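**Q** Pasting in a structure now, in structure tokens, and then I'll have a few things to ask.
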Amino acid sequence: MKNFYSQYVDDDLWLIKEMEWRKELQNIRESQLALGNGYLGTRAVLEEIPYDAMPGTYIAGIYDKMASQVSELVNLPNPFNFKFTVKGEKLGLAAMDAVNHKRVLNMKKGLLFRHTLYQNSKKSRFDYKSLRFVSMDDKNIGVMKISVTSLDESCEVDIHTGIDTSVYNAGVLTEGRKRHCKVKELGQSQNAGYLAVQTHEKKHNIIYWAGFYYEINGKKIFAKDNIFRLKLKKNRTVTFTRVFYINRFAPDNNLAKFKEEAFKKFSKAFNTKFDILMKDHIHAWEKLWDKADIVIGGAANLQQNLRFNIYHMLICGHVNDGLSSIGARGLTGEGYRGHIFWDTEIYLFPFYVFNFPEIARNMLLYRYKRLDKAREIAKKQGFKGAQFAWESADTGDEETPGWAKDLDGSIVKIHTHKLEHHITADIAYAVYKYYLATADEKFMEDYGYEMIFETARFWASRVELNKRKKRYEIKGVIGPDEFHINVDNNAYTNMMAKWNLNIAYKLFCDIKIKSSMVYQRLQRKLELTNKEVKTWKQIAPLISANINKNGIIEQFDGFFKLKKVLPTETDENGIPVVSSRLKTHDLSKTQLLKQADVVMLLYLLSDVYSLETKKANYDFYTKRTLHKSSLSPAMHSILACECGDLQKAYNFFNVSLRMDISNLYGNTKVGIHSASVGGTWQALVFGFIGVGTKKEVLSLNPRMPKTWRGADFSLSWKGILLKLELTNNTIKLKAISNKKKDIQIRVFDKPICVKPNKHYTFKRKNPILLEEDYY
């Protein structure tokens, strides 16, 4: 049995380790070591469920509102529940002394291993090992193997398992804890236990089946109950194998049919050998990593942390016909109640579109299927077209709570849902980026054009004409920097709206020429006239941002007149520290920023701005940005790369890279920061590795730190898989495709024509000689 477990914990570059039990880190580890497959996510709660544990079992798209301000991701009953008691003493880290303890997450294989050596009050020792996974091959299946050995004496052990229904969603502000589902039916049948629960408001039915068997001396015995007693002989290992099945069914009362259907699928898995279940699961993970892994030469510690970030994107990506998208904490916790923000399209989306376009498509399909709701929101606010909710859950309704805690812990009223309108342009931006990267014309014809046209319609109704200044303005908004509320002409919002209008006009003209049927169908469906579309072209040039004589873009009207306060100190991570004399409610009176705003604009609309403008604004706004959002460091890293400030680029990247593995913001316990893990990938790939789109053509121009010997990775581009090996001065690539069409890209700023399935090596004409270390 020792060899069985050890084979999964032998490659440090793929492992995240917990080497001791520290109660204060319990909830953080539950997030960090979480398992998932996109459909199902489970926090890494210990099997004995210690006091103050935060078990979390989540199915993508299952929300409920009962007893809450707004809908929230439902915490479902916990299937990883297995307790042992010997002579009244529980085998548990909070209840018995642990001589040794470690847990290891194998990110390559999606396995969580544990080894704990207990010692009871009489100095008797018990060796405990467990291995668990949530199947990446069969998304409804989870498996756990536990081995227990009494090292010093024979004894009797009481076993208490089953699906734990005592879970709840965490309390928020005045709400307190709440349960979003009720037990409809439970029992034992055919050597297994079943549980049917139903959510209170939406009436989702979730069916569980679970069973386990144990092995002594090679003999397999199926357990008939979840509570029983077993004799353990000294130094003789007993191994328990538990298999569970969980699935969501339609909101009606046909439980008998659902239960029978679920049992057939559970039974197939339960009667499959453990080794086969795990082999299929590992094989599914191998296929994911074959596309997603990035190998950085000469950076071992970075490699491990990078894979941690990628792992957490792999366990929340899924394809389900747009039923759900990916929330701000994925499926690893209840932070932000599992809601979907702009984080999804701007921070997470690029990873999927360049690695798993089918998942990126699903994320956009989620938005399309809530387009009617976005139309309702716009109409309610007095606008046309579609205005997407700032926080979305299952329906697309606005789910932003009315109140929340501020940075200093005070309770403040929330205005984002009323004023942070840039999300509408952000979604249109993602749609177009998907189109560029995939050339998926069918998606655009069925969904994409409509989304871009309806968002343009919104902006055309949202702007106000200032006749005196002869320009269109967008008043009363919040930009990405949420320190400043209800401002006029936020540069990010204005310029993204301008882009949205321009691209909508361009695409409308394109389909008018190339596809008259699509053109006519959309005109009829949307009641869209040529006259209305021409107004988009007329409005867009008259939307602008204020720019001073030094080329600095004013974040919003009056920003330059605010109090100039520049931080003079940083913490150990290089993040600015503000004087305690400056109160949170006074930040809006200063030029201090919560997060990247103008910097974000310069990154997203890179082709619009010159390098000179980028450098001037990067220097100005970096000095004023406090990075009080996990969204910020990665974006500054990318622009720092482009501006040639590689030392700061690496510092910002390192903060984003370690955001959750080091709990830098102190809130990893409520889930992994989805935007940060996505931003980290972008900072690496679009920043240091130098992948980008220049005038809508894929571009490769690396600028990596001196200590990195190179990078090996792959990208998907217009249905072609690009295999890449590169250093700062050499790029080797092969375009793998069944198509015979040549591929146009840019390498080292030169246009190149690449033939499919042929190896190429390109060398930089003037090699880069880096003289600095960026650590």
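**Q** Can you compute 3J(HN,Hα) from phi for each residue in segment 585-593, using the Karplus curve 6.51 cos²θ - 1.76 cosθ + 1.60 with θ = phi - 60°, rounded to whole Hz and x for Gly and Pro?
**A** The phi angles translate into 6, 9, 4, 5, 8, 10, 8, 6, 10 Hz.
**Q** Which order do you get for Met19, Met495 if you rank them by accessible area with a 1.4 Å probe, largest at the top?
**A** My answer, sorted largest first, is Met19, Met495.
**Q** Going through segment 1-102, which trypsin sites (Lys or Arg not before Pro) have at most 16 other Cβ atoms within 10 Å and a DSSP loop state?
**A** Listed in order of number, the matching sites are Arg22, Lys87.
**Q** May I ask you to give the average projected area over all directions of the convex hull of the Cα atoms of the chain, in nm² rounded to one decimal? Walk me through the intermediate numbers first.
**A** Numbers: hull surface 139.8 nm².
The Cα convex hull of the chain, projected and averaged over all directions, gives 34.9 nm².
**Q** Which whole-angstrom value gives the distance between the alpha carbon centres of segment 207-255 and segment 542-615?
**A** 57 Å
**Q** Given H placed 1.01 Å from N in the peptide plane, which residues other than close sequence neighbours of Ile547 have an amide H under 5 Å from its amide H?
**A** For Ile547, the qualifying residues are Glu554.
**Q** So how exposed is Leu419, as accessible area in Å² (1.4 Å probe, rounded to 10)?
**A** Rounded to the nearest 10, the figure is 30 Å².
**Q** Right, something else. Need the C-alpha centroid separation for segment 269-314 versus segment 700-775, integer Å.
**A** 24 Å
**Q** Quick check: pseudo-label points 7 Å beyond the Cα along Cα→Cβ at Arg581 and Asp712, how many nm apart are they?
**A** Result for the modelled spin labels: 5.6 nm.
**Q** Ordered by residue, what ³J(HN,Hα) values in Hz, to whole numbers, does segment 522-539 give under the Karplus form 6.51 cos²θ - 1.76 cosθ + 1.60, where θ = phi - 60° and Gly and Pro are x?
**A** 3J(HN,Hα) across segment 522-539, in whole Hz: 5, 4, 5, 4, 8, 6, 9, 9, 4, 4, 5, 5, 5, 5, 4, 5, 6, 6.
**Q** For segment 348-472, just say rounded, prolate or oblate: build the C-alpha gyration tensor, square-root its eigenvalues into a ≥ b ≥ c, call rounded for a/c under 1.5, and beyond that prolate if a/b exceeds b/c, oblate if not.
**A** Since a/c reaches 1.5 but b/c is at least a/b, the shape of segment 348-472 is classed as oblate.
**Q** Related question: Calculate log10 I(q)/I(0) of segment 453-512 for q = 0.13, 0.17, 0.22 Å⁻¹, where I(q) comes from the Debye formula with a single equal point scatterer on each Cα and nothing for solvent.
**A** Per q value, in the given order, log10 I(q)/I(0) is -0.39, -0.62, -0.90.
**Q** For a Förster distance of 30 Å, can you work out the FRET efficiency between the beta-carbons of Gln188 and Asp406, rounded to the nearest 0.05? Show your work: numbers first, answer last.
**A** Numbers: r = 50 Å, r/R0 = 1.66.
For R0 = 30 Å, the calculated efficiency reads 0.05.
**Q** Could you do me a favour and compute the accessible area per residue for the chain, 1.4 Å probe, result in Å²? Let's see the in-between values first.
**A** Details: 31500 Å² over 775 residues.
On a per-residue basis, 41 Å².
**Q** Still on this model: Among the GluC sites (Glu not before Pro) within segment 12-63, which fall in a DSSP loop and have no more than 15 other Cβ atoms within 10 Å of their own Cβ? Spell out each step's value before the answer.
**A** Working: sites: Glu18, Glu20, Glu24, Glu30, Glu47, Glu48; in loops: Glu20, Glu47, Glu48.
Within segment 12-63, the qualifying GluC sites (Glu not before Pro) (loop, at most 15 other Cβ atoms within 10 Å) are Glu20.
**Q** Residues with beta-carbon under 15 Å from that of Leu314, excluding Leu314: net charge, scoring Lys, Arg +1 and Asp, Glu -1?
**A** Neighbourhood net charge equals 0.
**Q** Nearest 0.05, what FRET efficiency do Thr761 and Leu13 give at R0 = 30 Å with Cβ-Cβ as r?
**A** Working: r = 27 Å, r/R0 = 0.90.
E between Thr761 and Leu13, to the nearest 0.05, is 0.65.
**Q** Calculate the FRET efficiency for Lys220 and Leu173 from the Cβ-Cβ distance with a Förster distance of 56 Å, rounded to the nearest 0.05. Walk me through the numbers before you get to the answer.
**A** Numbers: r = 50 Å, r/R0 = 0.90.
Once the sixth-power term is evaluated, E becomes 0.65.
**Q** With the Cα gyration tensor of segment 644-686 giving a ≥ b ≥ c as the square roots of its eigenvalues, does the rule (a/c under 1.5 for rounded; else a/b larger than b/c for prolate; else oblate) give rounded, prolate or oblate? If you can, show how the numbers build up before the last one.
**A** Values: a/c = 3.81, a/b = 1.80, b/c = 2.11.
It comes out oblate by the Cα gyration axes.
**Q** Do me a favour and compute the ellipsoid semi-axes for segment 175-322 from its Cα gyration tensor, root of five times each eigenvalue, largest one first, whole Å.
**A** Output for segment 175-322: semi-axes of 32, 28, 16 Å.
**Q** For the chain, what is the percent of antiparallel DSSP beta bridges, rounded to the nearest 5?
**A** 95 percent
**Q** Along the Cα→Cβ direction, 7 angstrom out, place labels at Gln647 and Arg125. What is the inter-label distance in nm?
**A** 5.1 nm
**Q** Moving on to the next point. Express the C-alpha Rg of segment 654-717 as a ratio against the empirical globular expectation 2.2 N^0.38 Å, rounded to two decimals.
**A** With N residues counted in segment 654-717, Rg over 2.2 N^0.38 Å equals 1.34.
**Q** Binning at 5 angstrom from zero up to the longest distance, how are the C-alpha pair distances of segment 110-162 distributed in percent?
**A** In whole percents, the pair-distance histogram is 4, 15, 22, 20, 15, 11, 7, 4, 2.
**Q** If you don't mind, there's one more thing I want to ask. Run the paramagnetic zone check for Lys723: 7 angstrom along Cα to Cβ, then residues of segment 271-299 with backbone nitrogen under 19 Å.
**A** From segment 271-299, the list is 286-297.
**Q** Using label points projected 7 Å from each Cα along Cα→Cβ, tell me how many nm separate Asn663 and Asp158, to one decimal.
**A** Taking the simple label geometry, Asn663 and Asp158 are separated by 3.2 nm.
**Q** If you don't mind, another one. How large is ³J(HN,Hα) for each residue in segment 52-69, as worked out from phi by the Karplus curve 6.51 cos²θ - 1.76 cosθ + 1.60 (θ = phi - 60°), to whole Hz, x for Gly and Pro?
**A** Those phi angles translate into 6, 5, 10, x, x, 10, 10, 10, 4, x, 9, 10, 8, 10, 3, 6, 10, 4 Hz.
**Q** Next question. Can you list the chymotrypsin sites (Phe, Trp or Tyr not before Pro) in segment 14-109 that are in a DSSP coil and have 16 or fewer other beta carbons within 10 angstrom? Spell out each step's value before the answer.
**A** Details: sites: Trp14, Trp21, Tyr39, Tyr51, Tyr58, Tyr63, Phe80, Phe82, Phe84; in loops: Trp21, Tyr39, Tyr51, Phe80.
Those that pass, being in a loop and sparsely packed, are Tyr51.
**Q** Rounded to the nearest 20 Debye, what is the dipole magnitude of the chain about its Cα centre when Lys and Arg each give +1 and Asp and Glu each give -1 at the C-beta?
**A** Its charge dipole is roughly 1260 debye.
**Q** In what sequence, largest accessible area first, do Val412, Val598 appear using a 1.4 Å probe?
**A** Listed by decreasing accessible area, they come as Val412, Val598.
**Q** Here is a further query. To the nearest 10 square angstrom, what accessible area does Lys219 show with a 1.4 Å probe?
**A** 130 Å²
**Q** Quick check on the chain: helices-only [θ] at 222 nm, where DSSP H runs of length 4 and up contribute -39,500 (n - 2.57) each and the sum goes over total residues. Nearest 500, please.
**A** -9000 deg cm²/dmol, from helical runs alone.
**Q** Report the full-extension gain for the segment Val608 to Ala94: residue separation times 0.36 nm, less the Cα-Cα distance, to one decimal in nm.
**A** 179.3 nm
**Q** Related question: Give Lys139/Lys257; Lys108/Lys224; Lys564/Lys594; Lys291/Lys718 a once-over and call out the pairs whose C-alpha atoms are over 26 Å from each other.
**A** As for pairs spanning more than 26 Å Cα to Cα, those are Lys108/Lys224.
**Q** Taking the alpha-carbon centroid of each part, what is the distance from segment 636-671 to segment 78-119 in angstrom?
**A** 33 Å
**Q** Determine the relative contact order of segment 588-736: mean sequence separation of Cα pairs under 8 Å and six or more apart, normalised by residue count, in whole percent. Present the calculation step by step, with values, prior to reporting the outcome.
**A** On the way: 208 pairs, mean separation 23.3, N = 149.
Relative contact order, segment 588-736: 16 percent.
**Q** Considering only Ala428, Ser656, Val533, whose Cα is most displaced toward the positive end of the charge dipole of the chain, charges sitting on Cβ of Lys, Arg (+1) and Asp, Glu (-1)?
**A** Val533
**Q** For Lys537 and Asp742, calculate 0.36 nm times their separation in residues minus their Cα-Cα distance, and state this gained length in nm to one decimal.
**A** Result for the pair: 70.4 nm of gain on full extension.
**Q** Considering only protein heavy atoms, with the full assembly of protein chains and a 1.4 angstrom probe, order Arg764, Arg329 by accessible area, largest first.
**A** Correct descending sequence by accessible area is Arg764, Arg329.
**Q** Assigning unit charges at the beta carbon (Lys, Arg +1; Asp, Glu -1) and nothing else, what dipole magnitude in debye, to the nearest 20, does segment 447-552 show about its Cα centre?
**A** Working: 19 positive and 10 negative charges, 126 e Å.
I would put it at about 600 debye.
**Q** Rounded if a/c is under 1.5, else prolate if a/b beats b/c, else oblate: with a ≥ b ≥ c from the C-alpha gyration tensor eigenvalues square-rooted, which is segment 620-775?
**A** Verdict is prolate for segment 620-775.
**Q** Compute the whole-percent fraction of alpha carbon pairs in segment 407-496 spaced more than 21 Å apart.
**A** Everything past 21 Å amounts to 44 percent.
**Q** Let me have the relative contact order for the chain, percent, based on Cα pairs under 8 Å that are six or more residues apart. Before the final figure, lay out each step's value.
**A** Numbers: 1629 pairs, mean separation 83.2, N = 775.
Normalised by residue count, the contact order of the chain is 11 percent.
The values are calculated or read from the model by the stated rules, or taken from the named source; none is laboratory data. It should be emphasised that the depicted structure is a prediction, and the values quoted were computed from it without experimental measurement. Cβ sites come from the backbone with ideal geometry, for glycine too, and all protein chains shown count toward neighbours. Accessible surface is based on the protein model in full, side chains and every heavy atom, while ligands, DNA and RNA are left aside. Shrake-Rupley method; radii C 1.70, N 1.55, O 1.52, S 1.80 Å.
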